[in-house]
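A short write-up of the structure that comes next.
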Amino acid sequence: MTAPVTAQRPARAARGTGRAGLLVRPALIGAGLLVLWWWAGSQQLDSIEARNVNGEVIGSQVLEHVELTLICTALTIAIAIPLGIAVSLSRSRAGRLVVLSLGNLGQAIPSIGLIVLLALVISIGVGTAVIALVAYAVLPVLRNTMVGIEGVDPVLTEAARGMGLSRLAVLFTVELPLAVPVILAGVRTALVLTVASAPLAALIDGGGLGEGLFTGLTLNRPVISVTFGVLVAALALLADWLGLLAETSLRPKGI
Amino acid sequence: MPESITGRPGETIELTDVTKRYPGQAEPAVEAVSMVIPAGEVVVLVGPSGCGKTTTMKMINRLIEPTSGTITIGGTDVLTLDPDQHRRDIGYVIQQIGLFPHKRIEDNIGLLPKRLGWSRSRVRARVAELLELVGLPADYARRYPRELSGGQQQRVGVARALAADPPVMLMDEPFGATDPITRDHLQNEFLRLQREVRKTIVFVTHDFDEALKMGDRIAVLRPRSVIAQYDTPEAILAAPADDYVASFIGAGGQLKKLALLRLRDVELAPAPRVGGLPRIVVDATVRDALDLMLGEGSDVVLVTGDFGDDAEVLGSLHLQTVMGAAAGKAGNP
C-alpha cells in the first residue's frame, strides 16, 4: 500500500571520467553559445528581431530567469527536505502515502496546465509562477530525501542507538550525512526541471527567457525563438552541471 | 590521564522474571527469565536461532523494552533510567559491526566521548589508547572503515564500545562474520583484553564451542529464552542437565573438557631424567598435551615455562593424569 517510489540515482559520472570529465560540459555549452552568437550575428535582423535579440534584453531576461530558478529551488529545498525528514522520522505509512501522492499529483499535472490554472485561481505574476514551479519541483527532492534516509543501513542506526545517541542525534550524525548523495541527486533533478519549466512563467507575466521565446513564436520570428530556446537549453545544461559539481564535492568521504 | 582502560570495573546485572511479549503473538518471545550475571564475568547466552537470546540481551540496554519483569545493573533498576543515558553506560558490539562509513576510525571511536563532552585532547588520547589495546597501529585513526579488513573493523567495533569506559558490554555474535582463523585470533585477543578491563560482559552466540571458550559461565537457552542450564563451562561439560544441553555439547565432550583445562591448573609429576621427551608450554591446554602425546607416540610430555629448548622444565604430564583429568579428578581449577 505504499506509493511507488523511484528515486533519482546519485551521479557516478565523475568517477568514470575523473575530475577532468567535469570540464567537458561547460566547454560544450560555451561552444554552443559561440555558434549561436555567430549564427544570430550573421542574420539580417528586422526591427522586431533587433528589438529582442540584443545584449540588453537577453541579459535582463537571463538574469530574471536565473533569479526565478534560484528562488524556486531554494523554496523547493526549504519545503521538501524538512518534509521528507519529518515523514521518514514519523515512520507513518499514511503520512508517507499522502505526501508522496501529493508530490506525484504536483508532477503529474502538466506544468503548463498547472501554471495557467493557478493564474486563473490566484492571479498572474511572478508569485503565482513561483508557486507553480515549486509545486512541480518538490517531488524529486521530497522523494529522494525519504528514500535517502530510509536507504541507510539499519545496522548503522541500531549501532548508533545502541551507543546511546538520541533519535535526533542519529538523524544528524548518521542518517542525513549518508543520505546526502541521494538528496543532492533529487535537488539536481529539481533544479533542471525548474530551469526548463521556468519559460512558462512568461505566459502569466512572470518574466524570464520565456518572454523572448514566446515573442518569437507568436510573431513567427525563428531567429528570436531559436536564440532564446538555445539559451534556455544552455542554462538547463549548466544547472545540471552545477548540480553534478555539488554532488561530487559534497559526497561524504569514505563512502 | 583521568581514567585508565581499567577505569570502571564491571557491575552485576540481575534479571528477574523478564518477559517480552509481542502484540498479536500467542507465545512470548522471552518468558520469565531470571539470572544473575556476576560483575566482571563473561556470561555467554547460547541457543539455537530464534530462541530469544538476542532479544534477552537487547532488553538489558533497552533496545527492546521488556513487557514485564525487572533488570538491575549495579542495583539500579534500568527501567527507571533515560534509555539514551542508560545505553551510554553499556558498550554494544554487533555481528555486522556497524562502523559509520563516513567517519574516520578516530571519529567512530571518539563519537560517544565527544558527545559526553570530553575535551579534544582527552578524546584523542583515548582513541590512541584503545587502538593500542585492540592491537591496531596508531595511524589507522585517520583511515575510513572501508580501508580496513573485516577483522580489523571488528577490533574497531570493540574499541568503540569501550570508548566511554562502560562497566557493562553486550556482544551479539561479535566474531560470527569472520573466517575461522581471524575469529580464533579475535577471541584470544578479546580474552586477553577482558583480563585487563574486567567488564561485565553478556555474549550471545549459537556456537557452543565459542561459548566454552569465551564464557566464565554459560546459559544454555531453550526456545523463549528459558534457561536449560546456567553454570560454568566445566560443570556443563561434566554434568549436562538434560538431553537438550547434551545435544549442544555434541560429540567429543571429553576432549572439549580437556580443552578448558590449562596445564598450569594440573598437578604435574616431577620431570623424569630421560632425554628427548616432547615439550609443551604451561599455557597450553591438556587437550594440546594429549594431541602432542598422540602425535609423538609418547605417554609422557615435559611441561616448560616458556617456548624454546632451554626453557625451564616445570614438570611432566603422564597420559594417566590426562585420563584422570577427563574424569574430573586430577585438576584443581
Can you find a residue in the stretch B:121-131 that is open to solvent by 10 Å² or more (accessible area, probe 1.4 Å), free of Cβ contacts under 8 Å to residues at least 12 places away in the same chain and of a type in the set (Gly, Ala, Ser)?
yes
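With the structure loaded, tell me whether B:Gly24 is in contact (Cβ under 8 Å) with a residue 12 or more places away in the chain and either of a type outside the set (Lys, Arg) or closer than 25 Å to B:Gln95 by Cβ (or both) or whether it fails that test. Quick ask: steps written out before the conclusion?
Values: in contact (Cβ under 8 Å) with a residue 12 or more places away in the chain: no; either of a type outside the set (Lys, Arg) or closer than 25 Å to B:Gln95 by Cβ (or both): yes.
No, not satisfied.
Yes/no matrix, rows are residues, columns are (1) without any contact (Cβ under 8 Å) to a residue 40 or more places away in the chain; (2) within 9 Å of chain A (Cβ to nearest Cβ); (3) among the acidic types (Asp, Glu); (4) open to solvent by 30 Å² or more (accessible area, probe 1.4 Å):
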site: B:Leu63; (1), (2), (3), (4): yes, yes, no, yes
site: B:Ile73; (1), (2), (3), (4): no, no, no, no
site: B:Ser119; (1), (2), (3), (4): yes, no, no, yes
site: B:Ala141; (1), (2), (3), (4): yes, no, no, no
site: B:Gly151; (1), (2), (3), (4): yes, no, no, no
site: B:Gly157; (1), (2), (3), (4): no, yes, no, no
Can A:Ile124 be described as open to solvent by 20 Å² or more (accessible area, probe 1.4 Å) and closer than 27 Å to A:Pro199 by Cβ?
yes
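Check B:Asp165, B:Asp82 and return the single one that is within 14 Å of chain A (Cβ to nearest Cβ), of a type outside the set (A, V, I, L, M) and surrounded by 17 or more Cβ atoms within 10 Å (Cβ to Cβ). Before you say what the answer is, go through the steps one by one.
Working: B:Asp82 fails: surrounded by 17 or more Cβ atoms within 10 Å (Cβ to Cβ).
The conditions single out B:Asp165.
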Please determine whether any residue of the stretch A:85-99 is hydroxyl-bearing (Ser, Thr, Tyr), touching a helix residue (DSSP H, G or I) at 6+ places or on another chain (Cβ under 8 Å), closer than 22 Å to A:Val187 by Cβ and buried (at least 20 other Cβ atoms within 10 Å of the Cβ).
yes
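Residues are listed down the side, and each one gets a yes or a no for (1) closer than 21 Å to B:Lys53 by Cα; (2) within 16 Å of the chain's Cα centre (by Cα):
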position	(1), (2)
B:Ile181	no, no
B:Leu191	no, yes
B:Arg195	no, yes
B:Phe203	yes, yes
B:Leu221	yes, no
B:Ala246	yes, no
Being at pLDDT 85 or above and of a type in the set (Val, Ile, Thr) is the filter here; which residues of the stretch A:237-255 pass it?
A:Thr248
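Determine whether the stretch B:72-85 contains at least one residue that is charged (D, E, K, R) and not in a loop (DSSP other than H, G, I, E, B). Quick ask: steps written out before the conclusion?
Initial filter on the stretch B:72-85 (charged (D, E, K, R)): B:77, B:82, B:84.
Going one step further and asking which of them are not in a loop (DSSP other than H, G, I, E, B), we end up with B:77, B:84.
Yes, there is a match, as at least one residue in the stretch B:72-85 is charged (D, E, K, R) and not in a loop (DSSP other than H, G, I, E, B).
On the basis of being within 30 Å of A:Ser249 (Cβ to Cβ), more than 10 Å from every other protein chain (Cβ to nearest Cβ), aliphatic (A, V, I, L, M) and in contact with a Leu (Cβ under 7 Å, 6 or more places away or on another chain), does A:Ala137 make the cut? Don't jump to the end; show me each part of the working.
On the way: within 30 Å of A:Ser249 (Cβ to Cβ): yes; more than 10 Å from every other protein chain (Cβ to nearest Cβ): yes; aliphatic (A, V, I, L, M): yes; in contact with a Leu (Cβ under 7 Å, 6 or more places away or on another chain): yes.
In short, yes.
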Residues in the stretch A:26-35: is at least one surrounded by 16 or more Cβ atoms within 10 Å (Cβ to Cβ) and out of contact with any Leu (no Cβ under 7 Å at 6 or more places or on another chain)?
no
Could you check A:Ala234 against (1) open to solvent by 10 Å² or more (accessible area, probe 1.4 Å); (2) at pLDDT below 90; (3) part of a helix (DSSP H, G or I) and say which number it fails?
(2)
Top-ranked residue of the stretch A:142-155 - restricted to ones that are of a type outside the set (Lys, Arg) and surrounded by 24 or more Cβ atoms within 10 Å (Cβ to Cβ), ranked as nearest to B:Tyr92 (Cα to Cα):
A:Gly148
Under 6 Å by Cβ, and 6 or more places apart or on different chains, what pairs join a residue from the stretch A:208-235 that is under 16 Å from A:Ser60 (Cβ atoms) with one that is of a type in the set (Ser, Thr, Tyr)?
A:Leu213/A:Ser225; A:Ile224/A:Thr215
Counting only residues in the stretch B:6-31 that are open to solvent by less than 30 Å² (accessible area, probe 1.4 Å) and closer than 30 Å to B:Val123 by Cα, the one modelled with the lowest pLDDT is identified as B:Gly10
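Just checking, does the stretch A:219-227 include any residue being assigned to a loop (DSSP other than H, G, I, E, B) and under 20 Å from A:Leu75 (Cα atoms)? Don't jump to the end; show me each part of the working.
Step one: of the stretch A:219-227, the residues assigned to a loop (DSSP other than H, G, I, E, B) are A:219-221.
Then keep just the ones that are under 20 Å from A:Leu75 (Cα atoms); that gives none.
There is no residue in the stretch A:219-227 that is assigned to a loop (DSSP other than H, G, I, E, B) and under 20 Å from A:Leu75 (Cα atoms).
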Taking A:Glu158 as the residue in question, decide whether it is modelled with pLDDT of 85 or more, among the acidic types (Asp, Glu), open to solvent by less than 30 Å² (accessible area, probe 1.4 Å) and closer than 30 Å to B:Pro166 by Cβ.
no
Checked A:Ala129, A:Ala80, A:Ala137, A:Ala169 against criteria (of a type in the set (Gly, Ala, Ser), in contact with a helix residue (DSSP H, G or I) (Cβ under 9 Å, 6 or more places away or on another chain) and within 30 Å of B:Gln96 (Cα to Cα)); the one match is A:Ala169
Residues of the stretch B:32-51 satisfying the condition of being over 19 Å from the mean Cα position of the chain (by Cα) and buried (at least 18 other Cβ atoms within 10 Å of the Cβ)
B:Val33, B:Cys51
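Kindly evaluate A:Leu217 against the criterion of being open to solvent by 50 Å² or more (accessible area, probe 1.4 Å), more than 14 Å from chain B (Cβ to nearest Cβ) and either at pLDDT 90 or above or over 29 Å from A:Asp153 (Cα atoms) (or both). Break it down stepwise before answering.
Working: open to solvent by 50 Å² or more (accessible area, probe 1.4 Å): yes; more than 14 Å from chain B (Cβ to nearest Cβ): yes; either at pLDDT 90 or above or over 29 Å from A:Asp153 (Cα atoms) (or both): yes.
Considered against the rule, which asks whether it is open to solvent by 50 Å² or more (accessible area, probe 1.4 Å), more than 14 Å from chain B (Cβ to nearest Cβ) and either at pLDDT 90 or above or over 29 Å from A:Asp153 (Cα atoms) (or both), A:Leu217 comes out as yes.
Given the structure, is B:Pro145 within 14 Å of another protein chain (Cβ to nearest Cβ) and in contact with a strand residue (DSSP E or B) (Cβ under 6 Å, 6 or more places away or on another chain)?
So B:Pro145 fails the test.
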Neighbours by Cβ (under 6 Å, 6+ apart or cross-chain): first from the stretch B:92-108, not assigned by TED's automatic domain parsing to the domain that holds B:Ala161 and buried (at least 19 other Cβ atoms within 10 Å of the Cβ); second among the β-branched types (Val, Ile, Thr) and assigned to a loop (DSSP other than H, G, I, E, B)
none
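The values are calculated or read from the model by the stated rules, or taken from the named source; none is laboratory data. Treat the numbers as computed from the prediction; the structure is a model and nothing was measured. Please note: Cβ atoms are built from the backbone with ideal geometry, for glycine as well, and neighbour counts cover all protein chains shown. Heads up: the accessible areas ignore ligands, DNA and RNA and are worked out on the full protein's heavy atoms, side chains in. Shrake-Rupley method; radii C 1.70, N 1.55, O 1.52, S 1.80 Å.
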